[in-house]
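Below: one structure, written as structure tokens.
The values are calculated or read from the model by the stated rules, or taken from the named source; none is laboratory data. Since the model is a prediction, treat every value here as computed from it, not as a measurement. Neighbour counts are summed over all protein chains in view; Cβ atoms, including those assigned to glycine, are modelled from backbone coordinates with ideal geometry. Protein only, heavy atoms only, side chains kept; ligands, DNA and RNA dropped before computing areas. Shrake-Rupley method; radii C 1.70, N 1.55, O 1.52, S 1.80 Å.
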Amino acid sequence: MKALKILSFGLLLVVGFSNAQQSTVLMRGKEIKTFAKLPNVGTAAPNFELTDDKMESKSLESYKGKYLILNIFPSVDTGVCSMSVRKFNEMAADLPNTSVLCISKDLPFAQKRFCGAEGIKNVVMLSDFRTDFGKRYGVEMMDGASRGLLSRAVVVIDPQGKIVYEEQVADISQEPHYDKALAAIKK
């Protein structure tokens, strides 16, 4: 009976994920499917478990009571991704009650190395190398050469855990709209 319950739950989980409406982004002019669309503005932010540079787990609950800017991207070792981390690092220095979480599939060691070399101190680097964050937030790329990596997106979550802004960047080679993300916090 227990095995049947586990199997039923697993099927429900798969069906729930497979019913999510996919989105597409451009990469080098080619359309790439993402797992789903970003969660809608006004909805509760999905919980997550990510790994920080000390190999410790961090969840949505770890940042309760703060505004969160989720800067989501494929890899800190690419030009546009590293630029977004630098820009959010500059902006985060002046944001009260706000944490900027820079999220990629990069290993925590690579994220820590990048931050050390670049003098990045105002953002939190988190890795999705062993979780389902990409599926929960709909940003995992499902095909193409970057299959399995995260697409470029920004999600802003208010202190009550509601999404107040989301942007799936249509072309991965482009930077997100930083000003729109910041405006969502300053409302």
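Some points to look at:
- For the chain, share of DSSP beta bridges that run antiparallel, in % to the nearest 5: 65
- Pairs from Lys58/Lys135; Lys54/Lys186; Lys30/Lys64; Lys33/Lys66 whose Cα-Cα separation, in the structure shown, is over 29 Å: Lys54/Lys186; Lys30/Lys64; Lys33/Lys66
- Axial C-alpha extent at least 20 Å, average Kyte-Doolittle at least 0.0 - helices from the chain (DSSP): 2-18
- The stretch 126-187: C-alpha gyration tensor shape, a/c 1.5 cut-off, then a/b vs b/c: oblate
- Built amide H within the under 5 Å cut-off of Phe48, gap 5+: Leu60, Glu61
- Net charge of the neighbourhood of Lys33, taken over other residues with C-beta under 10 Å away and scored Lys/Arg +1, Asp/Glu -1, is -2.
- Neighbourhood net charge (14 Å Cβ-Cβ; Lys/Arg +1, Asp/Glu -1) for Val100: +2
- 5 angstrom amide H check on Cys102, placed H, neighbours 5+ away: Asn71, Val124, Met125, Leu126
- Measuring nothing but protein heavy atoms, the accessible surface of the chain at 1.4 Å probe radius is 54 percent carbon and sulfur.
- For q = 0.18, 0.25 Å⁻¹, Debye-computed log10 I/I(0) when each Cα of the stretch 50-113 counts as one equal scatterer: -0.69, -1.22
- Taking every protein chain into account, the accessible area of the chain amounts to 53 square angstrom per residue (probe 1.4 Å).
- If both residues of a DSSP beta bridge must be in the stretch 38-144, then about 30% of such bridges are antiparallel.
- Global form of the stretch 37-76, assessed from the alpha-carbon gyration tensor, a/c cut-off 1.5: oblate
- Dmax and Rg, reported as Rg then Dmax, of the chain (C-alpha, Å): 16.4, 55
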